[in-house]
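The values are calculated or read from the model by the stated rules, or taken from the named source; none is laboratory data. Note that this is a predicted model, so its numbers are computed, not measured. Cβ sites come from the backbone with ideal geometry, for glycine too, and all protein chains shown count toward neighbours. What goes into the accessible areas is simple: the full protein's heavy atoms, side chains included, and nothing from ligands, DNA or RNA. Shrake-Rupley method; radii C 1.70, N 1.55, O 1.52, S 1.80 Å.
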Amino acid sequence: MTRRKPSFHPAILVLAATFSAMLVSAGVRSAPSVLILPFEMHFGWSRAAVSFGAASGILLYGLTAPFAAALMHQVGIRKTMLAGLGLMTVSSFASLWMQEYWQFMLTWGLLSGIGSGALASVLGAAIVNRWFAARRGLAMGLLGASTATGSLAIVPILAWLSTAGDWKPVAVFVTVSCAVLIPVVAWRVPESPADRGVGRFGEVNVPQEAPSAPGES
């Protein structure tokens, strides 16, 4: 008995959902760069202070990645992705009521840094290793390009939303983008191909039970 070979492999949907999550994560990390002037106008914070908060988020983004890999091994890829998206959603939503600088550091620095770090490049490697036996280079290249794509595609939108000097539309956009992806990931990113009754993409069908050798009963 062999595993079913579907006409449309679920790995494609997993790849698309992961690409979207990593793209939004890159956009979240880039958001403070377009908020420097709005924050300076609204709160009176200096550019150096806002830049420091943004840099703190980027630092945590990089530091979180190795721990995210361990978390994926312990609790699973999907739960780690959902935790990261949840943190980014909560942090950007909570920032709508911030008044003090420490609240900026907590939301756009600490929480969003950790949340986006859970969706760093290590996630792409984990998805490709688990879901792809063929076209691994292509899949890894697409996920690797998601970071640059996020900056190119999302930052202009954020800059347009903040043209009037208001920062809240940016926070709302980030919140909605992250929140929309939570049910998508929960629905379309199973923990493993076995959860969908298939093998990895491009995997040659392998019998689930080895046949008995001649003469064996």
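A few comments on the model shown:
- Here the stretch 157-167 is the region considered, the condition is being assigned to a helix (DSSP H, G or I) and touching a helix residue (DSSP H, G or I) at 6+ places or on another chain (Cβ under 6 Å), and the residue that is least open to solvent (accessible area, probe 1.4 Å) is LEU158.
- Number of residues in the stretch 142-151 that are open to solvent by less than 50 Å² (accessible area, probe 1.4 Å) and either touching a Ser or Thr at 6+ places or on another chain (Cβ under 6 Å) or under 19 Å from ARG188 (Cα atoms) (or both): the value is 3.
- Pairs where the first residue, in the stretch 88-103, is closer than 15 Å to TRP167 by Cα and the second is among the small types (Gly, Ala, Ser), C-beta under 7 Å, 6+ apart: SER91/SER112; SER91/GLY115; SER92/SER112; SER92/ALA171; SER95/ALA171; LEU96/ALA171; TYR101/ALA49
- Residue check, ALA54 under 17 Å from the mean Cα position of the chain (by Cα) and either under 21 Å from THR18 (Cβ atoms) or open to solvent by less than 40 Å² (accessible area, probe 1.4 Å) (or both): no
- Restricting the first member to the stretch 121-143 and to residues that are over 21 Å from VAL24 (Cβ atoms), and the second to residues that are β-branched (Val, Ile, Thr) and surrounded by fewer than 17 Cβ atoms within 10 Å (Cβ to Cβ), the beta-carbon pairs closer than 8 Å and six or more apart or on different chains are ALA133/VAL204.
- The set of residues in the stretch 108-141 being crowded, with 17+ Cβ neighbours inside 10 Å and in a loop (DSSP other than H, G, I, E, B) consists of ALA118, LEU119, ALA120.
- Of the residues in the stretch 41-63, none is modelled with pLDDT under 90 and on the phi > 0 side of the Ramachandran plot.
- Hey, LEU23 touching a strand residue (DSSP E or B) at 6+ places or on another chain (Cβ under 9 Å), open to solvent by 20 Å² or more (accessible area, probe 1.4 Å) and in contact (Cβ under 8 Å) with a residue 60 or more places away in the chain or not: no
- Residue list for the stretch 147-183, filter: at pLDDT below 85 and within 14 Å of the chain's Cα centre (by Cα): THR147, ALA148, THR149, GLY150, SER151
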